[in-house]
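Chemist: Have a look at this one.
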Amino acid sequence: MGFAELHLHLEGTVDQDTVRMLDPLADRAEVDRVWAFTDFAGFLECFKFVARRLRGPADYALITRRMMQALHRQTISYAEVTIGAGVVQWLGYEFDSIWREIREAQKDAYKQWPVEIWWNLDAIRQLGPDHVMEMAKLTARYVHDGVVSFGIGGDEQRGPAHEFRKAYQYAKDAGLRLTAHAGETDGPESVRHALDIGAERIGHGIRAIEDPDLCRRLRDQRIPLEVCITSNVRTGAVPSLEAHPIKRLFDAGLIVTLNTDDPGMFGSDLATEFRLAKEVFGLTEAELTTIRHNALDYRFKRT
């Protein structure tokens, strides 16, 4: 088996070339400006810029095919990919029609680029508990149709995870695995809240390094972190590349995986993430092999 990736947003695979396919009239200078972000607010602007150019099922199908082509080119054989179910709702689309086109595109693309894809649907946490529960119920409808997990993304500070305990319990009872963005732009307490509501993996989780007790809990409970180096630098979650705590997280005995998050927006790929881990942070080939195997060992879908 090749590489595996566990933290990848479908919408975030859209690069500037794909934007121009989606919107041939897009102004090149504006696209360049949107892609030149240096903080989390700028990243959100870029994400919304892309989302607004997804004008229906056919566009979601297009980006699914292009994503699978890119994954295959990187020798990634397995990926768990997040679709912003809350974003689809925000755009005003009926999710099932989007989903049918994505699944058809996935099936068709697999013939040429055989990458095993399972899906995570996530909610926009700052929209509150009712929205998150609505998205949990929607996600449960697809538990036997390619969806393996449920999660939350968005603004950690305006949507603390402890507010979503009932939604997570609903998703778990429906047979879904659970993940959550946490410890990216907020501190260790955000990670702790995600664990308390049942998250089995943590998206990012880098701020956990600030709390030795939390690191001990993550280590003892064998909770993997979905670490995304370039993402954290581009969004300003860390002040510089050299300040990224991946080496300290690994040395603390935590289960680290490497991922790209939104590669089309960050200009990265999985090979780049592993190269940075080696060249900037000094991780050995044996340690990188452990990280590579972690993604396979802690994937949600076992086939």
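Each value in this text was obtained by applying a stated rule to the coordinates, not by laboratory testing. Predicted, not measured: the structure shown is a model, and the values here were computed from it. Because the Cβ atoms are built from the backbone with ideal geometry, glycine has one as well, and the counts that use them run over all protein chains shown.
Chemist: What's the lysine pair count for the chain at a Cα cut-off below 21 Å, pairs eight or more apart or interchain?
Modeler: So the count of such lysine pairs works out to 7.
Chemist: Where in the range 1-38 does the label zone of LYS278 land, with the point 7 angstrom along Cα→C-beta and an amide N cut-off under 17 Å?
Modeler: 2-4, by backbone N distance to the label point.
Chemist: If you plug each phi of the range 200-216 into the Karplus form 6.51 cos²θ - 1.76 cosθ + 1.60 with θ = phi - 60°, what whole-Hz ³J(HN,Hα) values come out, in order, with x for Gly and Pro?
Modeler: My calculation for the range 200-216 gives 9, 9, 10, x, 6, x, 5, 6, 4, 4, 6, 10, x, 5, 5, 4, 5 Hz in order.
Chemist: Calculated from the structure, Rg/Rh (Cα atoms, Kirkwood Rh) equals which of (1) 1.14; (2) 0.93; (3) 0.97?
Modeler: (2)
Chemist: Provide the packing ranking of 266-272, 108-114, 176-182, i.e. peptides ordered by the mean count of other C-beta atoms within 10 Å per residue, highest first.
Modeler: 176-182, 266-272, 108-114
Chemist: Turning to a different aspect of this structure: Treat each spin label as a single point 7 Å out from the Cα along the C-beta direction, and report the LYS247 to LYS48 distance in nm.
Modeler: Distance between label points: 3.8 nm.
Chemist: So who's got an amide H within less than 5 Å of the one on THR82, skipping anything under 5 residues away but keeping other chains? H placed 1.01 Å off N, in plane.
Modeler: Distant-sequence amide H within range of THR82: LEU8, HIS9, LEU10, ASN120.
Chemist: Of ARG292, ARG165, ARG299, how do they rank once you tally other Cβ atoms within 10 Å and put the fewest first?
Modeler: ARG165, ARG292, ARG299
Chemist: Residue by residue through the range 52-60, which ³J(HN,Hα) values in whole Hz follow from phi under the Karplus form 6.51 cos²θ - 1.76 cosθ + 1.60 (θ = phi - 60°), with glycine and proline marked x?
Modeler: Per residue, the Karplus-derived 3J(HN,Hα) values read 5, 9, 8, 9, x, x, 4, 6, 5 Hz.
Chemist: Let me ask another. If each of ASP108 and ALA271 carries a label point 7 Å out from its Cα toward its Cβ, how far apart are those two points in nm?
Modeler: My value for the distance between the label points is 2.8 nm.
Chemist: Give, rounded to the nearest 20 debye, the magnitude of the charge dipole that the range 130-211 has about its Cα centre when Lys and Arg contribute +1 at Cβ and Asp and Glu contribute -1 at Cβ.
Modeler: 340
Chemist: If you plug each phi of the range 61-76 into the Karplus form 6.51 cos²θ - 1.76 cosθ + 1.60 with θ = phi - 60°, what whole-Hz ³J(HN,Hα) values come out, in order, with x for Gly and Pro?
Modeler: With coefficients 6.51, -1.76 and 1.60, one gets 5, 4, 6, 5, 4, 5, 4, 5, 4, 5, 4, 4, 4, 8, 6, 8 Hz.
Chemist: Same structure, new question: Treating only the Cβ of Lys, Arg, Asp and Glu as charged (+1, +1, -1, -1), what charge dipole size does the range 128-279 show about its Cα centre? Round to the nearest 20 debye.
Modeler: Roughly 380 debye for the range 128-279.
Chemist: A further question on this structure: I'd like to compare 225-232, 240-247: which one has the highest average count of other Cβ atoms within 10 Å, and what's the full order after that?
Modeler: 225-232, 240-247
Chemist: Take the alpha carbon atoms of the range 1-80, find their center, do the same for the range 238-260, and report the distance between the two centers in whole angstrom.
Modeler: Result: 24 Å between the Cα centres.
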